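Report on one structure; see the data block that follows.
Just so it is clear, none of the values below were taken in a lab; they were calculated from the coordinates. None of these values were measured; they are calculated from a predicted model. Cβ atoms come from the backbone with ideal geometry, glycine included; neighbour counts cover every protein chain shown.
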Amino acid sequence: MNIKVFPATGLPAASLCAASHGAPTTNGAPTTEETIQVSAKNFMFAPASITVKAGTTVTWVNLDDEPHTVFSDARLFRSSALDTKELFSFKFEKPGTYHYLCTIHPRMLGTVVVE
C-alpha cells in the first residue's frame with residue numbers, strides 16, 4: 001500500500017512545502033517525485049484545498065496538541081490517530097478530486113485535486 005505513518009523530527013515552520021527528490025528508475029534515469037505537506041493546526045487543515053500532479057505524495061502533519069486523523073470519504077486512505085508532530089502520507093496516483101476529514105473532529109475538512 002502507499003500509506004506510511006511515522007513520527008516527525010525537525011519539521012519546517014511552513015504549512016505547505018514542496019520538495020523534489022530524484023529517485024533512480026530501472027533504466028538509471030532519475031525521476032522526480034513531489035511531496036506536498038498539509039498541516040493540521042488550530043483544528044483546521046492548512047491549506048484546506050490543494051491541487052497536485054498525479055504521482056505526488058501528500059504528507060499531513062499534526063501541529064495541534066490534540067490528536068487528528070486523515071480519512072478519505074471514498075475510503076481510499078485512513079490514518080490512525082496522529083499525535084503532535086506525527087505524520088501520515090499518501091501517494092495520489094490517479095487524477096480526480098479526493099475529499100478527506102478528521103474523524104475525531106469532523107468539521108476539519110480538506111480536498112486534494114489530482115491532475
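Residue exposure proxy: Lys85, Lys91, ordered by other Cβ atoms within 10 angstrom of their Cβ from fewest to most, comes out as Lys85, Lys91.
In a DSSP loop and with at most 10 other Cβ atoms within 10 Å, there are no chymotrypsin sites (Phe, Trp or Tyr not before Pro) in the range 58-101.
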